[in-house]
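I have placed the structure first, in the form of structure tokens, so that the comments after it can refer back to it.
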Amino acid sequence: MPLPTPTRRHVIQTSLAAAASVALPGLARAQAFPSKPIRLICPWPAGGSTDAVMRALAESAGKTLGGQMIVDNKPGASGMLGPNELVSARPDGYTLSQLTIGVLRLPHMQKMQFDPMKDFTYIACLTGYTFGLVVRADSPIKSIKDLVDYAKANPEKFSFGSTGNGTTPHLAVEEFASRAGIRLQHVPFKGNADGMQALLGGHIMAHSDATGWGPHVEAGTCRLLATYGSKRTKRWPGVPTLTELGYDTVSDSPFGIGAPKGMEPALTLRLHDAFKKTLEDPAVMASFEKYDQTVIYMNTADYTQFARDNYIKEKAVIERLGLSAKPA
């Protein structure tokens with residue numbers, strides 16, 4: 001006797017049940033998460049502007065998740081020590097890191113421990129930096145014109161610091177210098193704090209970074225020559241952008257949160273939702289305001305696509321500036 005043919009409804013019900021049986025363990029794990037502290041790596045020194053913002057984000061996201069999120073500072077290597085750790089970490093949600101635009105740029109400049117297209121889960125983009133170039137208040141360089149005039153008369157004698165080779169504060173100045181037809185001396189640092197110490201101590205002539213230099217500008221110990229955004233900052237409306245000065249240099253630098261590759265979608269969503277909610281937290285918004293950062297939100301899918309698109313764009317920039325990795 002032939003077996004009865006299954007009905008369409010029965011097939012659909014069976015398929016849905018099978019799909020649910022596969023998804024439920026991951027969903028259950030996501031709901032039970034976190035059962036221990038989450039480590040959020042800040043790949044910059046303690047005490048800097050990024051550290052302060054990351055601590056605000058960690059406290060807020062931890063509360064939403066119902067657990068504790070601890071910031072772990074791993075400065076050095078142009079902000080790549082955090083992303084490096086994601087390569088060997090388990091995709092269980094307990095190891096996260098800030099991801100800067102550098103993860104999409106530095107692989108074109110040197111051999112890296114990771115492949116940004118394969119080794120990360122891009123959870124969410126949250127904000128971005130305002131960058132600028134500062135000199136000491138007693139510097140004879142009072143404007144970008146003064147800097148260009150000095151550099152033309154003294155090639156490679158004007159020294160500027162940044163937060164590391166290949167970071168946006170470094171490449172924005174290289175872009176400006178290229179367009180101005182000048183050659184400068186670059187001095188990389190681990191972060192804002194040591195770069196500003198070098199500037200204030202007279203070891204470098206200028207420092208390029210996010211607005212960790214803001215208190216020094218407001219205190220009158222430093223002079224802000226220019227910012228790198230598409231428009232002037234609300235905080236320093238009298239300071240011009242490099243583009244309006246004629247150097248066509250715009251560097252907006254979004255950053256977000258990443259995790260190891262292979263994380264379960266339910267867990268990725270849980271973390272995404274917690275970080276998205278931080279953008280409604282007055283304490284987080286206050287930290288953004290203090291360091292002149294705006295909300296630049298992208299969900300997981302959009303952030304992943306942003307990474308793919310900008311990996312290609314950054315390659316073109318690096319090649320144009322002549323900074324591509326040399327063949328072995």
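Just a few scattered comments:
- When only the Cβ of Lys, Arg, Asp and Glu is charged (+1, +1, -1, -1), the dipole of the chain relative to its Cα centre reaches about 500 debye.
- Considering only ASN154, GLY201, LEU184, and ranking their Cα positions along the charge dipole of the stretch 130-225 that arises from unit charges at the beta-carbon of Lys, Arg, Asp and Glu, the one farthest toward the positive end is ASN154.
- A dipole drawn for the chain from +1 and -1 charges on Cβ atoms has a positive end, and of MET117, ALA283, ILE101 the residue lying farthest that way is MET117.
- Fraction of antiparallel bridges per DSSP, the stretch 131-247 only, in percent to nearest 5: 55
- Euclidean distance between Cα centres, the stretch 153-232 to the stretch 80-148, Å: 16
- Annotation: aspartates and glutamates with alpha-carbon distance below 16 angstrom to LYS231 (same-chain offsets under eight excluded): GLU244, ASP248, ASP252, ASP292.
- For the stretch 229-309, the list of chymotrypsin sites (Phe, Trp or Tyr not before Pro) that fall in a loop by DSSP and count at most 11 other C-beta atoms within 10 angstrom is empty.
- Paramagnetic reach from ASP248 in the stretch 165-191 [backbone N under 17 Å; point 7 Å along Cα→Cβ]: 172-182
- Surrounding net charge for ASP302, when Lys and Arg each add one and Asp and Glu each subtract one, Cβ distance under 13 Å: +1
- Burial order of peptide ranges 116-122, 319-325 (average beta-carbon count within 10 Å, highest first): 116-122, 319-325
- Excluding same-chain neighbours fewer than eight residues apart, the lysines reachable from LYS277 by a Cα-Cα span under 20 Å are LYS63, LYS290.
- The mean sequence distance of close C-alpha pairs (under 8 Å, at least 6 residues apart), as a share of the length of the stretch 131-247, puts its relative contact order at 36 percent.
- Sequence-separation-based contact order of the chain, relative, with Cα cut under 8 Å and 6+ spacing, percent: 27
- Reduced Cα scattering model of the stretch 131-247, Debye log10 I(q)/I(0), q = 0.19, 0.21 Å⁻¹: -0.97, -1.22
- In a reduced charge model with +1 at each Lys and Arg Cβ and -1 at each Asp and Glu Cβ, the stretch 197-282 shows a dipole moment near 80 debye about its Cα centre.
- Helix 49-65 and the longest principal axis of the Cα set of the chain meet at an angle near 20°.
- Stretchable slack from GLU218 to LYS313, in nm (0.36 nm times residue separation minus alpha-carbon distance): 30.7 nm
Bear in mind that the values in this text are calculations on the coordinates, not laboratory data. Computed from a predicted model, the values in this text were never measured in an experiment. With ideal geometry, Cβ positions are generated from the backbone for all residues, glycine too; neighbour counts draw on all protein chains shown.
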